[in-house]
2 protein chains.
Amino acid sequence: MPELRKDYVTDTWVVISPARSKRPGDFRIRSTPTDPEKCPFCYGHEHMTPPELLAYRREGPPNSPGWWIRCVPNKFPALTSEGEVHRRVNQLFHSVSGVGAHEIIVEAPEHDGHLANFSDFQVQEVITAYKQRYLDLIRDKRFKYILIFKNHGERAGASISHPHSQLIATPIVPRRIMEEVNAVHRFYETTGGSCLYCEIVETELEEGTRVVAENEAFLALSPYAARFPFETWILPKAHEMAFEDLADGERTPLARMTKDVLGRMHRLLDDPPFNYYIHTAPCDRKEMRYHWHLEITPRLTEIAGFERGTGFYINPVVPEDAAALLRGDVKVPSSVP
Amino acid sequence: MPELRKDYVTDTWVVISPARSKRPGDFRIRSTPTDPEKCPFCYGHEHMTPPELLAYRREGPPNSPGWWIRCVPNKFPALTSEGEVHRRVNQLFHSVSGVGAHEIIVEAPEHDGHLANFSDFQVQEVITAYKQRYLDLIRDKRFKYILIFKNHGERAGASISHPHSQLIATPIVPRRIMEEVNAVHRFYETTGGSCLYCEIVETELEEGTRVVAENEAFLALSPYAARFPFETWILPKAHEMAFEDLADGERTPLARMTKDVLGRMHRLLDDPPFNYYIHTAPCDRKEMRYHWHLEITPRLTEIAGFERGTGFYINPVVPEDAAALLRGDVKVPSSVP
């Protein structure tokens with residue numbers, strides 16, 4: 001059974017997940033583009049995945065073709081759905097049982113599709129599926145956090161190229177989320193009631209230099225301290241605590257903004273590998289303050305010893321240049337002669 | 001000029017280093033093994049690097065062949081050595097000027113060498129060079145931290161294959177270091193005077209299952225919450241605050257332990273890409289408590305959206321299995337049928 005373990009020293013948690021283990025010789029990273037004939041996410045291969053949890057289809061029985069969105073448990077889950085959550089503290093050793101959920105959202109039947117080229121309707125349906133799976137899982141009181149994320153491209157950790165997203169529910173609130181939640185609470189206290197993310201939205205709209213795109217409900221920006229070249233955040237302009245509270249009328253603007261930003265990256269950076277993930281409030285909403293957003297991080301540079309050793313990042317692209325390039329204002333970064 | 005910027009929300013700092021910038025099309029990761037004919041770290045190519053800061057050679061003028069260790073400024077530094085350190089806080093925008101040092105330690109003249117296969121003497125000399133450059137730079141009061149690290153293999157961020165290490169001095173203490181320092185201080189207070197890392201050494205020697213190797217002065221272990229498959233830490237068994245206080249008599253045991261662990265990884269994992277870095281105390285030693293160590297992290301799995309989104313890691317190899325495999329006790333992980 002998987003186990004969550006805490007570092008002896010810092011608040012870093014690790015999922016030790018031996019179910020995913022392989023022989024030592026198999027640990028090397030390899031390039032293995034998925035053959036559509038063997039792709040578990042293509043029509044007619046529904047038996048290659050565990051039975052579906054959710055599917056959008058006009059007709060036909062479950063686990064058969066005809067769907068346009070399909071959600072299934074991950075066949076090689078990092079966490080297990082069975083059992084209770086036990087916490088142990090024994091000398092230096094802190095652990096929590098590896099109970100959680102690990103699901104796949106297949107975004108379309110087309111093996112070679114890309115979100116940036118989907119119809120608005122299809123991206124909206126992906127967002128609807130995210131929300132629907134989220135609302136189902138949040139009822140399970142063992143789960144403290146639910147992360148929806150996407151890995152695109154082998155360099156970004158995608159082992160299957162067919163377009164899909166993932167969802168992992170964890171029995172503790174992850175460190176990065178707690179840091180953000182704590183910062184939002186501190187800002188609220190020190191300003192007498194303002195939201196830090198609302199302040200980011202307003203300040204960046206005033207400044208303008210880091211704005212990538214904007215529509216009636218969402219802002220896309222290059223964050224001031226972008227960790228990665230062309231890192232882009234999409235935030236709701238209105239104060240909204242949680243993604244899963246997304247109103248029906250916001251689905252179209254969110255789908256269009258996501259497609260727009262991914263399309264700009266696709267054109268400018270030649271279909272880069274990327275990760276994105278939704279930061280929403282933790283499952284326990286009591287006295288919670290937060291402002292959900294989506295972070296997109298292309299994978300153009302390697303994280304090396306300096307980053308691992310310090311927790312610092314080195315970004316060779318000035319965020320203001322990245323925003324100008326993504327907006328299409330300039331052709332090359334201003335810092336390049 | 002490079003600039004350090006702090007995330008709006010968390011304590012994550014980023015070095016925005018446009019001097020390293022390239023055109024957008026150049027950002028894709030590519031495989032470029034260095035041709036020895038064009039390698040700036042090979043004999044006869046000394047003019048291809050900035051003038052040397054330190055070299056161990058029997059005879060001959062600086063910047064000529066005949067050395068066995070050579071230290072030079074990085075030709076494409078992430079931080080600049082000129083100027084004063086200015087801090088600015090303007091609304092949500094916190095910055096520190098990008099003043100620092102970025103140096104290369106060429107570990108041997110042999111283009112295809114590997115630390116694991118060097119003589120004990122040569123590895124000792126690498127360690128001596130680390131210490132000598134450290135002691136020179138710590139006199140510069142602009143620097144708050146000095147990280148010595150190594151990237152081996154393209155997947156680990158090495159752009160030149162000739163064996164070399166790097167050193168980066170930063171004008172603020174990195175987040176990961178402060179987390180460790182704070183934890184050591186807290187442990188000292190709550191236990192009435194014990195060192196957390198000494199406790200790790202003693203506990204893991206008693207437990208035994210995560211010990212990889214041991215000699216008269218050093219312990220190598222698979223940490224309980226290893227973030228990466230086969231992650232290994234080397235710690236001095238005696239309480240020693242800082243790497244740069246390393247006694248002459250400790251250089252041979254440290255060289256042998258480093259070679260031993262890297263050699264085990266080389267054989268078991270077929271010359272894996274890896275990063276290592278030395279965690280030592282911050283430059284300002286006033287009332288400082290710490291216990292230096294070296295962390296080696298092979299690069300066998302990709303960090304993907306879940307890790308980026310949460311700060312959690314997923315490790316498919318149980319640390320006790322990794323230790324047994326590195327010790328040579330078993331041939332395949334016990335978790336594999």
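None of the figures in this text is laboratory data; all of them are computed from the coordinates on show. Predicted model only: the values in this text are computed from it and were never measured. Every residue, glycine as well, gets a Cβ built from its backbone with ideal geometry; the counts of neighbours run over all protein chains shown.
Hey, got the Cα dimensions of region A:57-113 along the principal axes, in Å, largest first?
55, 25, 13
Report the semi-axes of the equivalent ellipsoid for region A:176-327 in whole Å, largest first, where each axis is √(5λ) for an eigenvalue λ of the Cα gyration tensor.
Semi-axes from the Cα gyration tensor: 25, 20, 15 Å.
Taking the Cβ of A:Pro319 as the centre, find all other residues whose Cβ is under 12 Å away and add up their charges (Lys, Arg: +1; Asp, Glu: -1).
So the surrounding residues net to -4.
Could you give the nm distance between label points at B:Thr203 and B:Ala247, where each point is 7 Å from its Cα heading toward the beta carbon?
2.8 nm
Report, ordered by chain and residue number, the aspartates and glutamates lying within cross-link reach of A:Lys75, taken as a straight Cα distance under 15 Å and ignoring same-chain residues fewer than 8 apart.
Result set, ordered by chain and number: A:Glu46, A:Glu52, A:Glu103.
Highest first, please rank the peptides B:52-63, A:139-150 by the mean number of other Cβ atoms sitting within 10 Å of their residues.
Taking the mean over residues of other Cβ atoms within 10 Å, the ranking is A:139-150, B:52-63.
Across peptide B:224-232, what mean number of C-beta atoms from other chains lies inside 10 Å of a residue's C-beta?
The shielding value for this peptide is 5.
Suppose the chain between B:Asn215 and B:Arg267 were pulled fully straight at 0.36 nm per residue; how much longer would it get relative to their current alpha carbon spacing?
The span from B:Asn215 to B:Arg267 would gain 16.7 nm if fully extended.
Calculate the mean, over all residues of peptide A:243-252, of how many other protein chain Cβ atoms lie within 10 angstrom of the residue's Cβ.
0
Just going by the charge dipole of chain A, with Lys and Arg at +1 and Asp and Glu at -1 on Cβ, which of A:Val201, A:Leu246, A:Thr49 is farthest out on the positive end?
Result: A:Thr49, furthest along the dipole toward the positive end.
For the protein assembly as shown, what are Rg and Dmax over the alpha carbons, in angstrom?
In order Rg, Dmax, the Cα atoms of the protein assembly as shown give 25.1, 83 Å.
Determine which residues of region A:99-113 fall in the zone a paramagnetic label at A:Leu135 would reach in this model, i.e. backbone nitrogen under 12 Å from the point 7 Å along Cα→Cβ.
The answer is none, because no backbone nitrogen lies closer than 12 Å to the label point.
What does the net charge come to around B:Asn63 if you take all other residues with beta carbon closer than 10 Å to its beta carbon, with K and R at +1 and D and E at -1?
-1
Quick one: what does P(r) look like for chain A with 20 Å bins over all Cα pairs, in whole %?
28, 61, 11, 0
Within 10 Å of each Cβ of B:144-154, how many other protein chain Cβ atoms are there on average?
Whole-number average of other-chain Cβ neighbours for B:144-154 is 3.
When ranked by the protection proxy of mean other Cβ atoms within 10 Å per residue, highest first, what sequence do the peptides B:12-18, A:118-124 form?
Highest mean packing first, the order is B:12-18, A:118-124.
With unit charges on the beta carbon (Lys/Arg positive, Asp/Glu negative), name the residue among A:Trp292, A:Asn151, A:Pro319 whose Cα is farthest towards the positive pole of the charge dipole of the protein assembly as shown.
Ranked along the dipole, the leading option is A:Asn151.
Separation of region A:56-79 and region B:64-87 by C-alpha centroid, Å?
Spelled out, the Cα-based centre of one part sits 55 Å from the other.
Quick one: dipole size for region A:176-327, taken about the Cα centre, charges +1 on Lys/Arg Cβ and -1 on Asp/Glu Cβ, in debye to the nearest 20.
Roughly 320 debye for region A:176-327.
Extent of region B:89-235 along each principal axis, from alpha carbon coordinates, in Å, largest to smallest?
52, 42, 30
Suppose every K and R has +1 on its Cβ and every D and E has -1 on its Cβ; what is the size of the dipole of chain A about the Cα centre, in Debye to the nearest 20?
1180 debye
Less than 14 Å Cβ to Cβ from B:Asn117, Lys/Arg counted +1 and Asp/Glu -1: what total charge do the surrounding residues give?
So the environment of B:Asn117 carries a net charge of -2.
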